[in-house]
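Structure, as structure tokens:
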Amino acid sequence: MTTIMVVTMIALLLLGFPMMIPLITAAVIGFYMMFNGFGQMDTLIQQMMAGIRPASLIAVPMFILAADIMTRGQSANRLIDMVMSFIGHIKGGLAVSTATSCTLFGAVSGSTQATVVAVGSPLRPKMLKAGYSDPFTLALIINASDIAFLIPPSIGMIIYGVISGTSIGELFIAGIGPGLLILFMFSVYCIIYAVVKDVPTEPRASWRERAVAVQKALWPLGFPVIIVGGIYGGIFSPTEAAAACVLYAVLLEFVVFRSLKMNDIYAIAKSTGLITAVVFILVAVGNGFSWIISFAQIPQMILEAVGVNEAGPTGVLIAICISFFVACMFVDPIVVILVLTPIFAPAIAATGLDPVLVGILITLQVAIGSATPPFGCDIFTAIAIFKRPYWEVIKGTPPFIFILIFAAALLIMFPQIALFLRDVAFR
């Protein structure tokens, strides 16, 4: 049965079907073979509906809506201007500013693809004009945007939390340390690159210009305060924080900045609705598929066959990292989380691993895979936005991928990088 399900999924993917079709087809085939017919098909449908029933998932469309409002408004540009005013003049400062802006906008949007658009669109022309090569610039944008998957809010963390039953608030807080670590390593690489390539520096901003930039960015900086401060302080649940972010984004862009008008609401709502529909269909179908493979005890058979159960905690973490990294090179990150998390659940429970640490490592691997050839989703976002050929977009990615893999290794060796803030906040 397992072989037939896998072959069916691969064949449909190669034929170009969207991911939900291979998933549901494989689930239906598995259901038919287990129950000798379709007489109890309503059970599978109930499992699919159960996948989108958790209240925590309400946070997903809320964060998508808030990100869409901010991307179309002024929040992103104000954050970028503030960062540039302070570090744009140092060697490699423009590249460091780009990475920092991606991190800040990730703390606002939670979406890697929204970050590619919001930060990459204004900063790529500036980097090219300053003397950075296009492959380096594109690679920096798509890989630094992946920090948005680690810095709260994170749609990937929400999906993992719902699937695994892990606290989303703890995941959010635990993602801050690894996200800042990766930003630091990216910044060091950018400075080394600028020194080696002798990239000119930007003019130094005056303190008056910096003060003005900070003043303009104060309102957008309220987003991470609402999310992290609200959850840490026990004021909001993650879902309530998402709703507060939408209200804040509306007030900011429509009332304070007046960058958007009422006739923009339809386009924003349509975009959010389409993205949300795709996400929820994948979650529903993925839950049905996960139920089938769990009911058939396929995860236990796979883990036993490859010897993961006997590998110990470190071996399980390495196996998880490799599996998620490779899978996200070919498949949408949300689908990978939905399918692989239940497979590794028995090994995680058996070895007593902290589910928050596992969630951070999974989120990091998903982020790496999103920017890794051949089919990382952020690569194709960059191709569509910047109108550059595939090979040019991926040419500069290897150093950044190496840095991200090194960060994953550090997390395995030193879990407190992720768990320290979680322990301070929740233990």
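The values are calculated or read from the model by the stated rules, or taken from the named source; none is laboratory data. Note that this is a predicted model, so its numbers are computed, not measured. Heads up, the Cβs are rebuilt from the backbone with ideal geometry, glycines too, and the neighbour counts pull from every protein chain shown. Surface accessibility is based on the protein's heavy atoms, side chains included, excluding ligands, DNA and RNA. Shrake-Rupley method; radii C 1.70, N 1.55, O 1.52, S 1.80 Å.
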Exercise for the section: Return the residue satisfying two criteria in turn: it lies in the range 204-235 and is open to solvent by 70 Å² or more (accessible area, probe 1.4 Å) and touching a helix residue (DSSP H, G or I) at 6+ places or on another chain (Cβ under 8 Å), and of such residues it is farthest from ALA67 (Cα to Cα). Expected result: GLU209
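Report the residue count in the range 214-229 for those that are part of a helix (DSSP H, G or I) and under 28 Å from the mean Cα position of the chain (by Cα).
Total meeting the criteria: 11.
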Exercise for the section: Please verify whether the range 42-65 includes one or more residues that are farther than 30 Å from ILE292 by Cα and not in a helix (DSSP H, G or I). Expected result: no
Exercise for the section: State whether one or more residues within the range 256-278 are surrounded by fewer than 21 Cβ atoms within 10 Å (Cβ to Cβ) and more than 28 Å from ASN77 (Cβ to Cβ). Expected result: yes
Fill in the blank from the handout: Of those in the range 239-255 that are in contact (Cβ under 8 Å) with a residue 40 or more places away in the chain and among the β-branched types (Val, Ile, Thr), the residue most open to solvent (accessible area, probe 1.4 Å) is VAL250
Handout entry: Hey, LYS197 open to solvent by 60 Å² or more (accessible area, probe 1.4 Å) and in contact with a Lys or Arg (Cβ under 6 Å, 6 or more places away or on another chain) or not
Key = no
Problem - Condition met for GLN113 (modelled with pLDDT of 85 or more and either assigned to a helix (DSSP H, G or I) or in contact with a His (Cβ under 7 Å, 6 or more places away or on another chain) (or both)) - result: no
Practice task
Keeping to the range 129-140, report how many residues are in a helix (DSSP H, G or I) and modelled with pLDDT of 90 or more.
Solution key: 7
Exercise for the section: Give, as residue ranges, the helices (runs of 4 or more DSSP H) completely inside the range 313-399 that count at least 3 residues that are free of Cβ contacts under 8 Å to residues at least 24 places away in the same chain, more than 24 Å from GLY177 (Cα to Cα) and open to solvent by 10 Å² or more (accessible area, probe 1.4 Å). Expected result: 377-386
Problem - Single match in ILE182, ILE176, ILE163, ILE191 (criterion: under 30 Å from ILE417 (Cα atoms), of a type in the set (A, V, I, L, M) and in contact with a Ser or Thr (Cβ under 6 Å, 6 or more places away or on another chain)) - result: ILE163
Practice task
Give the range 400-414 a look and list any residue that's open to solvent by 60 Å² or more (accessible area, probe 1.4 Å) and assigned to a helix (DSSP H, G or I), or say none.
Solution key: PHE402, ILE405, PHE406, MET413
Fill in the blank from the handout: Within the range 16-31, of all residues that are at pLDDT below 85 and open to solvent by 20 Å² or more (accessible area, probe 1.4 Å), the one farthest from PRO238 (Cα to Cα) is GLY16
Problem - Filter pass, PRO178 being part of a loop (DSSP other than H, G, I, E, B) and either touching a helix residue (DSSP H, G or I) at 6+ places or on another chain (Cβ under 8 Å) or under 21 Å from PHE406 (Cα atoms) (or both) - result: no
